[in-house]
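Readers should treat all values here as calculations from the given coordinates under stated rules, not as data from a laboratory. Just so it is clear, the structure is predicted and the values come from calculations on it, not from any experiment. Virtual Cβ from ideal backbone geometry, glycine too; neighbours counted across all protein chains shown.
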């Protein structure tokens with residue numbers, strides 16, 4: 001890879017764009033004792049009558065301390081989907097550029113590409129759900145701006161080869177986006193420690209999975225200061241509401257509680273994997289580093305319908321490439337998992 005310069009990737013209109021400056025951006029000093037008449041808000045206090053911090057400084061300060069990164073290397077989004085959309089909009093020119101996807105993978109990458117009029121090059125993962133390195137690098141051309149990697153992968157649950165990920169980062173003169181939504185359930189370290197080494201690396205994480213906060217929609221982007229500065233130019237001014245920020249701070253402070261819940265999920269995952277081996281119509285149990293298990297069955301459509309009748313909702317992934325007759329089972333509580341196994345055994 002030649003010397004990487006983020007300025008060669010950013011869209012011209014974004015490079016020239018001056019970010020919108022909100023009232024709270026212009027006055028970000030100590031608010032103690034101040035009378036705020038600058039943002040046309042209601043003056044009647046009800047807990048949410050004031051605009052939220054547009055830079056989410058308290059949330060970022062906590063993440064900065066926990067992840068060992070500077071606050072200016074962090075961007076928060078209304079779910080990871082907003083973060084991913086911002087990346088498309090900042091670096092991909094509509095009707096000209098393309099991105100590389102490695103299906104089966106998270107479906108929103110393709111949806112966001114279509115939404116932003118960006119062409120997609122799809123290179124299938126191998127039969128073992130790993131990167132086909134040679135084909136992936138061969139697919140790249142001058143208009144390829146992004147490669148999306150989901151690791152642990154959704155829907156397969158496995159980690160992608162670290163060696164192959166590194167090869168992509170080092171040989172691609174665009175941005176490599178690693179979606180680590182499920183990294184907290186893996187014993188392998190995050191790629192966060194590699195950010196300073198690779199200026200073309202972007203990592204996304206979320207509070208929806210291990211932190212149990214899917215309802216507040218908070219996604220996190222970690223990257224170089226230069227990349228975050230570009231994304232901040234196009235970020236909506238108040239994209240993370242006050243209540244979400246408060247709940248995130250509350251949860252991020254409960255490190256021991258989160259870790260205990262992760263341990264319980266991993267224990268239940270192991271028990272589920274063991275029990276699933278005794279289900280006659282389960283033909284394969286794929287290795288998982290996530291909070292779900294992908295299993296191959298004799299007839300996914302039939303088994304999905306049968307479980308629905310028994311009050312169990314799982315995900316039928318049979319329509320995805322390389323996933324014929326597969327079901328994705330989220331690891332629930334001990335009681336929920338026993339209900340699932342009981343239903344499966346009754347179908348045995």
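Worth a mention:
- Subtracting the Cα-Cα distance of residue 128 and residue 263 from 0.36 nm times their residue separation leaves 46.0 nm of extension gain.
- Taking the longest Cα principal axis of the chain as reference, the axis of helix 334-347 is set at about 40 degrees.
- Placing a label point 7 Å from the Cα of residue 283 along the Cα-to-Cβ line, the residues of the range 316-348 whose backbone N sits under 13 Å from it are 318, 322-327.
- Normalised contact order of the range 102-248, rounded percent, pairs of Cα under 8 Å and 6 or more residues apart: 16
- Alpha-carbon centroid distance for the pair the range 69-130 / the range 168-212, whole angstrom: 13
- Choice from 145, 242, 197 showing the highest fluctuation, given a GNM over the chain with Cα pairs closer than 10 Å: 197
- For the chain, built as a Gaussian network whose Cα springs stay under 10 Å, the top-fluctuating residue of 152, 237, 43: 43
- The angle between the Cα long axis of helix 162-171 and the longest principal axis of the Cα atoms of the chain comes to about 40 degrees, rounded to the nearest 10.
- Computed from Cα positions, the angle between helix 300-309 and the longest principal axis of the chain comes to roughly 80 degrees.
- Listed residues 172, 148, 27, most fluctuating in the chain (Gaussian network, C-alpha, under 10 Å): 27
- Antiparallel DSSP beta bridges within the chain, percent to nearest 5: 55
- Normalised contact order of the range 1-132, rounded percent, pairs of Cα under 8 Å and 6 or more residues apart: 18
- In this calculation the C-beta distance from residue 120 to residue 22 is compared with R0 = 45 Å, giving a FRET efficiency of 0.85.
- Stokes-Einstein D in µm²/s, Kirkwood radius over Cα pairs - the range 256-347 at 37 °C with 0.692 mPa s viscosity: 244
- Mean Cα-pair separation over length for the chain, i.e. relative contact order, pairs under 8 Å, 6 or more apart, %: 18
- FRET efficiency for the residue 298 to residue 49 pair, using the beta carbon distance and R₀ = 56 Å, is estimated at 0.45.
- Tail weight of P(r) past 40 Å, computed on alpha-carbon pairs of the chain, percent: 19
- Where only DSSP H runs of four or more residues are counted, the chain gives -10500 deg cm²/dmol as its mean residue ellipticity at 222 nm, each run worth -39500 (n - 2.57).
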